[in-house]
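Step one of this worksheet: look at the structure below.
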Amino acid sequence: MDAEWIFLSIALLGTFSGSLFDIKDRWVPDWTNYLMVFFGLAGHAILSLQTNSIWPFAYSLIAVAILYGLSELLFQLGVWGGGDAKMLIGLGALLATFPNLLMPLPVNWPFLLTFWTNSLIFGGLLGFFGSIYLAVKHFSKFLNSAKKYIQKKYIQYFLGTTLITVLIAFFFDKAVALMLGIMPLLILVLVGLKSIEDACMFKTISPKKLVEGDWVTDEINIAGVHYVPNKTGIEKKDIKKLIELENLGKLKNITVKEGLPYVPAFFLGLISAVWFGDLMLMLIIRLFAFGL
């Protein structure tokens, strides 16, 4: 059990340091993630030798394989950057055999699953409050962007017809009216999120400031260098080509889309999983307790 707490300490240190980099630079250094993978696999290999059992190392390998598949899927879909994906793999290597200490009996599933559900909760909360922060910080840009969407005729038509339908339904069935009323609210939320993305999540930088995985939005076709943006971000070989163009004076700035930092959700999900247990399960138990 002492070894498991060492693995946990490394995981906490890795996610904490990664969070600082992610918040400051929107980038997680590869060495942080690679060290987590190395310590996880090597540590469990040593543990297997000490206990004369293949299972500690096998579990670590299995967790790495499963989380690699999940991370690669989210990375290819453009949901995550490469740093987020690599860190999840490192956490799998470190925490594959960590016990789920606070899981209510008779429920029992891997600690990594509890960590994952908790990190999703914190990821959603951080995304929500982060979006509000960006909207407030760039309020004038956000407002102008939102106005452009609200002024689109198809959005005005949908909102208008939906509101009229809600008012009519209110006189016949208030429950139906309430359900219909959610639709324009959802549209407004989507407009708000899109407005935040357009107004607050793009910046212009020098090619020399690019890092692997940055989401470059410009298609570049200069002096034989042709770069087409992709959802997995820019690669090192393409960065070198763009820097060469900059050095030749043929490319000055490029536009990059920033995402909200997600590694802090890993850090908070890990802490909450150790000290509070599975937050999703706790919520479900509470809801059933109140008869919902």
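Details
- At q = 0.08, 0.11, 0.14, 0.15 Å⁻¹ the log10 of I(q)/I(0) for the chain amounts to -0.49, -0.84, -1.11, -1.18, computed by Debye summation with a single uniform scatterer per C-alpha, solvent ignored.
- Kyte-Doolittle at least 1.0, axis length at least 30 Å by Cα - qualifying DSSP helices, the chain: 55-76, 111-137, 174-200
- Taken over the range 135-292, the alpha-carbon convex hull comes to 189 cubic angstrom per residue.
- Charge dipole (the range 32-170, unit charges on Cβ, about Cα centre) - positive-most of Phe38, Ala96, Thr165: Thr165
- Rounded Å value of the spacing that divides the Cα centres of the range 3-77 and the range 193-215: 28 Å
- Cα-centred dipole magnitude for the chain, charges only on beta-carbon of K, R (+1) and D, E (-1), debye, nearest 20: 1120 debye
- The Ala58 and Leu113 beta-carbon pair, evaluated with R₀ = 25 Å, returns a calculated FRET efficiency of approximately 0.90.
- Inter-site label distance for Ile222 and Lys137 at 7 Å from Cα along Cβ, in nm: 2.7 nm
- Ranked packing of 164-174, 125-135, most packed first, by mean Cβ within 10 Å: 125-135, 164-174
- Förster radius 22 Å - calculated FRET efficiency between Ile155 and Lys257 (Cβ-Cβ, nearest 0.05): 0.45
- At full extension, Ile164 and Lys240 could sit 21.7 nm farther apart than now, given 0.36 nm per residue minus the alpha carbon distance.
- Given in Å, the Rg to one decimal and the Dmax to the nearest whole number for the Cα atoms of the range 32-139 are 16.7, 61.
- Check: the range 141-292 dipole with +1 on Lys, Arg Cβ and -1 on Asp, Glu Cβ, in debye: 420 debye
- For the chain, averaging the sequence separation of C-alpha pairs within contact (under 8 Å, six or more residues apart) and dividing by the residue count gives a relative contact order of 24 percent.
Laboratory data are not the source of any read-out in this text; all were calculated from the coordinates shown. Here the structure is a predicted model, which is why all the values come from computation and not from measurement. For neighbour counting, all protein chains shown are included, and Cβ atoms are generated from backbone atoms with ideal geometry for every residue, glycine included.
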